[in-house]
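A short worksheet on the structure shown next.
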Amino acid sequence: MKNKHVVLNSYEKNSSDISTIEKISLEIDELKESAKSILKHKISSLQVIPPVAVKLLKLTNDEASSFSDLTLIIETEPSLSIEVLRLVNSAFYNYSHKIVSIKRAVTLLGFSAIRQIALNLLFFKKIIKPHSKHEFNQIFFWQHCLFVATLSKLIAKEIKHPDPDMVYAAGLLHDIGKIVLETHGQLTYSDYMSSFEKSDNPSRDNEGSFFGISHDEMGAVFCKTCELPDSIIMVVLNHHRSFQQLGLDEHNKLNISIVAYANFIAWLQGIGSITRNDYPVLQSEVFEIINQYELDIEMILEKVDVELRNISHFYNFKFPSLSRLRANLIGTILNFNNNENIINDVRSSTHLNSLTVPHHSLNPDEFIPWTLKSLQDEFNFERLILLDINPKQRSLITRYAWPESILDNNGAPFEIMISSLSSHLLSCLRNKEAALVDDKLETDTSILKELQVDAFFLLPILMYNRLSSVLYIDNVISGKALDKKQLPALCRVTTELGIALVNAKQFEEEKKRAQIDPLTGLNNKGTINSRLDKLFTEDKRQLKHLAVGFIDIDYFKKFNDIYGHQAGDDVLRIVSDILKSLTRPNDFIARYGGEEFLFILYDTDEKGVYGFAERIRMEIEKKGILLKNRFPEQSLTASIGVVMYHNKFKDYLEMIESADEAMYQSKSEGRNRVTLLLHEE
């Protein structure tokens with residue numbers, strides 16, 4: 001293992017660290033106002049975790065915290081003492097003699113183990129309501145917290161972290177804000193989950209729109225109110241957000257990275273804190289910090305499996321089995337290090353200039369098949385397949401192939417399960433190395449047999465120096481031998497292909513940014529105007545059954561005046577998310593300006609567009625009722641006007657004006673209604 005000594009040997013903070021902590025403390029103080037507005041009671045009076053748990057969290061395993069301190073804390077809580085003794089005398093620990101005192105338990109199991117047991121018991125008894133029928137499954141949440149805490153502690157031990165117990169506590173508490181919102185929010189986390197069930201926005205963004213504060217921010221406010229250690233508060237606040245520019249010391253950066261990494265792996269394994277499959281994006285700085293260590297993730301996950309399997313018997317619930325397949329998946333996807341690019345030694349001239357000239361197209365659907373065809377023409381390969389990593393299926397699955405006819409294989413795509421790759425091939429992928437796979441290595445024979453070939457090339461394609469996809473090449477028909485000497489030239493092509501993919505992605509992102517309203521994520525006014533103009537000038541066949549709707553949030557200015565502009569922005573995001581969830585894939589919706597939205601429906605009639613607009617109106621009203629606790633002085637409703645295309649409209653602007661007129665009619669008749677403006681033939 002390399003660079004273990006990167007871990008700090010002391011927690012001393014210099015003046016800049018203190019300044020950073022003070023800044024974050026001020027940020028949390030500002031967040032208290034948002035927390036106050038959404039909670040039923042003062043945050044200082046919330047009993048989310050028992051006072052004895054707070055004492056245990058403040059108790060560190062150092063010279064100043066003796067065994068007697070821990071013993072005294074547990075013994076002063078009789079019910080906790082009974083539960084601790086019941087657990088240490090269970091089959092989990094399998095002691096031959098019965099342990100009858102906390103002091104004896106601490107002596108035998110150690111300070112760290114007993115404190116961890118006590119914390120787990122306190123959290124489980126106080127926080128979890130196993131038979132809750134709400135959307136937020138608290139048992140599922142508890143499993144996630146235990147997994148993250150256990151994995152975090154084992155990673156900390158593996159890299160010689162000076163305080164694995166603190167990392168465990170931070171992992172246990174990292175999502176505590178969700179429990180605070182669920183049990184003490186005027187709007188609960190269950191309300192949030194049911195409201196954003198169909199949303200494809202990042203979860204933290206939706207939380208901010210719905211509550212006015214995200215779960216990590218709420219958790220940090222709660223932990224600071226409980227006067228928990230700064231190191232735990234730092235993790236709770238920053239485990240989802242970028243912390244590179246915060247000026248934190250290396251110790252706090254490492255703590256955040258360990259828990260964020262463990263949290264991501266938990267979600268990837270299907271052990272998230274909620275049942276929705278929207279696992280978080282891992283911050284780039286976490287990769288940079290964690291990749292300083294050559295973690296044996298398979299070995300660590302096996303230890304997690306053993307520990308959680310034993311714990312699950314006591315709590316009477318079951319964790320998914322951590323198989324070697326999952327460990328291989330994590331190792332393949334997450335643990336790519338920053339080795340030098342594999343083509344540094346193949347810059348010599350080759351006869352493949354025709355394949356590496358700049359691509360004229362920025363569309364992957366054009367330049368990838370063209371590249372694969374060019375490779376086949378140059379080398380006479382019989383099958384070339386670009387494979388993407390599919391984390392859900394734990395496989396490499398076809399994205400492009402040449403010749404394209406090979407995709408038609410009785411309807412089944414060409415796919416390689418990650419579990420079938422040998423340690424040799426996984427190592428090649430980790431190190432971003434191209435490989436010739438043949439029968440020279442006994443470990444590779446099974447994959448050759450499975451694919452029914454004698455040999456194949458496997459070449460990584462990199463974007464931003466990270467594995468993006470894999471190029472697979474074989475001669476499946478003739479069985480003609482592959483020559484390892486071809487690899488340098490092929491690597492040059494895959495490198496250029498990676499660059500082309502980066503350029504295509506950047507172009508697509510820039511193009512999208514120009515078309516998208518940054519606040520709501522909807523199309524902007526220019527985009528919808530362009531779409532309608534094209535229909536009126538180029539594709540008039542679609543106009544016959546075309547409808548346009550104009551939506552205006554009622555009394556929107558009052559949200560800004562009473563609750564502030566941030567609340568107004570949250571309202572716009574909430575409405576836009578409703579529109580996204582109700583709009584069909586072929587329809588079109590945009591933020592037209594301020595609190596106004598516009599939609600286009602294709603292939604509809606008067607009944608269809610009116611029904612669609614009414615569903616939008618009712619859903620906004622329903623969400624407004626749910627948000628009444630957050631906005632008690634202002635109801636959230638919308639007035640909508642809709643119009644079908646009529647040949648009297650000379651251009652798209654006249655159609656929009658007609659929908660706008662219908663919307664104002666809704667407002668004049670009392671608001672929170674839909675008006676369909678009819679035009680006589």
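The values are calculated or read from the model by the stated rules, or taken from the named source; none is laboratory data. The shown structure was predicted, so the numbers you read here are calculated from the model rather than taken from an experiment. Quick reminder, even Gly has a Cβ in these numbers, built from the backbone with ideal geometry, and neighbours come from all protein chains shown.
Anything in the range 162-183 that is more than 17 Å from S273 (Cβ to Cβ) and part of a helix (DSSP H, G or I)? List them, or say none.
Answer for the range 162-183, where residues must be more than 17 Å from S273 (Cβ to Cβ) and part of a helix (DSSP H, G or I): P164, D165, M166, V167.
Among the residues of the range 452-468, is there at least one that is surrounded by fewer than 16 Cβ atoms within 10 Å (Cβ to Cβ) and more than 26 Å from the chain's Cα centre (by Cα)?
yes
Here are S90, S96: which of them is exposed (fewer than 15 other Cβ atoms within 10 Å of the Cβ), closer than 18 Å to L146 by Cβ and modelled with pLDDT under 80?
After ruling out the rest, the residue left standing is S90.
Out of all the residues in the range 416-440, which are under 16 Å from N465 (Cα atoms) and either outside any helix (DSSP H, G or I) or in contact (Cβ under 8 Å) with a residue 60 or more places away in the chain (or both)?
L429, R430, N431, K432, E433, A434, listed by residue number.
Does L490 qualify as being in contact with a Pro (Cβ under 7 Å, 6 or more places away or on another chain), surrounded by 14 or more Cβ atoms within 10 Å (Cβ to Cβ) and in a helix (DSSP H, G or I)?
Criteria not met by L490.
Among the residues of the range 224-244, write down those that are assigned to a loop (DSSP other than H, G, I, E, B) and under 21 Å from the mean Cα position of the chain (by Cα).
If the condition is that a residue be assigned to a loop (DSSP other than H, G, I, E, B) and under 21 Å from the mean Cα position of the chain (by Cα), then H239, H240, R241, S242, F243, Q244 are the ones that fit.
Would you check if there is a residue in the range 187-194 being part of a loop (DSSP other than H, G, I, E, B), within 16 Å of the chain's Cα centre (by Cα) and modelled with pLDDT under 90?
Checking the range 187-194: not a single residue is part of a loop (DSSP other than H, G, I, E, B), within 16 Å of the chain's Cα centre (by Cα) and modelled with pLDDT under 90.
In the range 623-643, which residues are touching a residue at least 40 places away in the same chain (Cβ under 8 Å), of a type outside the set (F, W, Y) and in a loop (DSSP other than H, G, I, E, B)?
Once the filter is applied, which keeps residues that are touching a residue at least 40 places away in the same chain (Cβ under 8 Å), of a type outside the set (F, W, Y) and in a loop (DSSP other than H, G, I, E, B), the range 623-643 yields R630, E633, Q634, S635, L636, T637.
Could you run through the range 656-670 and say how many residues are over 17 Å from G593 (Cβ atoms) and buried (at least 19 other Cβ atoms within 10 Å of the Cβ)?
Within the range 656-670, residues that are over 17 Å from G593 (Cβ atoms) and buried (at least 19 other Cβ atoms within 10 Å of the Cβ) number 3.
Which one of these does E606 not meet: (1) at pLDDT below 95; (2) acidic (D, E); (3) within 31 Å of the chain's Cα centre (by Cα)?
Evaluating E606 over (1) at pLDDT below 95; (2) acidic (D, E); (3) within 31 Å of the chain's Cα centre (by Cα) leaves (3) as the failure.
Looking at (1) of a type outside the set (A, V, I, L, M); (2) under 30 Å from E294 (Cα atoms); (3) touching a strand residue (DSSP E or B) at 6+ places or on another chain (Cβ under 6 Å), find the lone condition where R394 falls short.
(3)
Would you confirm whether any residue within the range 585-595 is surrounded by fewer than 19 Cβ atoms within 10 Å (Cβ to Cβ) and of a type in the set (S, T, Y)?
No, the range 585-595 has no match at all.
Sort out which residues of the range 235-246 are farther than 15 Å from N263 by Cβ and either surrounded by 15 or more Cβ atoms within 10 Å (Cβ to Cβ) or touching a strand residue (DSSP E or B) at 6+ places or on another chain (Cβ under 6 Å) (or both), and write them in order of number.
L246, the sole residue that qualifies.
Among the residues in the range 232-248, are any under 21 Å from F141 (Cα atoms), of a type in the set (D, E, K, R) and at pLDDT 90 or above?
no
Looking only at the range 522-573, count every residue that is surrounded by fewer than 16 Cβ atoms within 10 Å (Cβ to Cβ) and among the small types (G, A, S) and tell me the total.
3
Hey, could you check the range 601-616 for residues that are in a helix (DSSP H, G or I) and of a type outside the set (A, V, I, L, M) and say which is farthest from Y652 (Cα to Cα)?
By that ranking, first place goes to R615.
Looking only at the range 369-410, filter to residues that are among the charged types (D, E, K, R) and assigned to a loop (DSSP other than H, G, I, E, B); which one of those is nearest to the chain's Cα centre (by Cα)?
Ranking the qualifying residues of the range 369-410, first place goes to K392.
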